[in-house]
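Comments concern the structure below.
The values are calculated or read from the model by the stated rules, or taken from the named source; none is laboratory data. On a predicted model such as this, the values are computed, not experimentally measured, just so you know. With ideal geometry, Cβ positions are generated from the backbone for all residues, glycine too; neighbour counts draw on all protein chains shown. To get the accessible areas, we keep the full protein, side chains included, count just its heavy atoms, and leave off ligands, DNA and RNA. Shrake-Rupley method; radii C 1.70, N 1.55, O 1.52, S 1.80 Å.
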Amino acid sequence: SQTIHQWPATLVQPVGSPLSLECTVEGTSNPNLYWYRQAAGRGLQLLFYSVGIGQISSEVPQNLSASRPQDRQFILSSKKLLLSDSGFYLCAWKSGANEKLFFGSGTQLSVL
Amino acid sequence: SQQGEEDPQALSIQEGENATMNCSYKTSINNLQWYRQNSGRGLVHLILIRSNEREKHSGRLRVTLDTSKKSSSLLITASRAADTASYFCATDAWEYGNKLVFGAGTILRVKS
């Protein structure tokens with residue numbers, strides 16, 4: 001069966017520090033991968049998605065970047081965090097068009 | 001802007017009552033999906049309804065889709081305290097490519 005792993009669960013980082021959040025999927029190949037951010041009590045904002053290795057689409061210009069070095073690995077990064085980068089980050093995957101998303105358990109990032 | 005908009009933003013009911021949440025969207029869709037999120041956790045897929053379907057059932061869940069009005073509703077019958085969560089609709093549309101666009105969600109509280 002397919003599983004998705006996202007870590008860490010919580011992270012507290014100072015302003016200006018780097019960020020690396022990792023997400024891996026098991027039990028499937030060539031998934032579409034997604035990074036979403038959720039502000040407290042709000043809906044999900046799509047940040048990045050990828051349909052294959054090295055293929056990244058950015059939805060919102062910002063301080064973050066994403067990479068997909070392997071088929072089932074999706075990484076969210078920042079060189080220098082801003083206060084506004086705080087939020088709940090969710091990784092998700094789906095097998096193709098017209099299908100449902102499977103979400104990771106999320107990372108609560110607090111930038112202080 | 002959000003493709004899907006849920007209504008109401010928050011709903012508080014007694015255990016045993018039915019809960020109805022609505023979602024409106026703007027463009028033609030391939031399918032519409034409903035997700036549930038417990039506080040601080042990832043989203044869990046509940047049900048997917050395709051554009052050529054009008055109604056779908058899953059256990060105590062009933063989803064309707066009216067493509068002429070660009071709207072959907074999620075009905076939870078005989079609610080339980082464990083149904084307390086946020087509920088999101090998400091739309092899958094050709095013009096959005098491989099992405100799901102989420103609404104802001106409805107916060108449901110079921111009181112025991």
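Just a few scattered comments:
- Computed over protein heavy atoms with a 1.4 Å probe, the carbon and sulfur contribution to the accessible area of the range B:53-112 reaches 49%.
- In the range A:31-84, trypsin sites (Lys or Arg not before Pro) in a DSSP loop with at most 15 other beta-carbon atoms within 10 Å: A:Arg42, A:Lys79, A:Lys80
- Net charge in the neighbourhood of B:Glu5 (other residues with Cβ under 11 Å of its Cβ; Lys, Arg +1, Asp, Glu -1) is 0.
- Counting heavy atoms of the protein chains alone, A:Leu44 has an accessible area of about 10 Å² for a 1.4 Å probe.
- Divide the volume of the convex hull around the Cα atoms of chain A by the residue count and you get 97 Å³ per residue.
- A:Thr28 versus A:Ser57: modelled label distance in nm, points set 7 Å from Cα along the beta carbon direction: 1.6 nm
- Residue order by solvent-accessible surface for B:Asp7, B:Asp66, B:Asp92 is B:Asp7, B:Asp66, B:Asp92, largest first, with ligands and nucleic acids left out and a 1.4 Å probe.
- Ordered by 1.4 Å accessible area with all protein chains kept, B:His57, A:His5 run largest first as B:His57, A:His5.
- When chains A and B come together, the accessible area they lose, probed at 1.4 Å and totalled over both chains, is close to 1700 Å².
- List of the range A:65-112 residues, accessible area with partners at least 20 Å² below that of the chain alone (1.4 Å probe): A:Phe88, A:Lys94, A:Ala97, A:Asn98, A:Glu99, A:Lys100, A:Leu101, A:Phe103, A:Ser105
- Accessible solvent surface per residue of the range A:33-112, calculated while the other protein chains remain in place, 1.4 angstrom probe, Å²: 43 Å²
- Accessible carbon and sulfur surface of chain A relative to its total accessible area, %, 1.4 Å: 52 percent
- When the inverse distances between all different Cα atoms of the range B:55-100 are averaged and flipped, the Kirkwood radius reads 12.6 angstrom.
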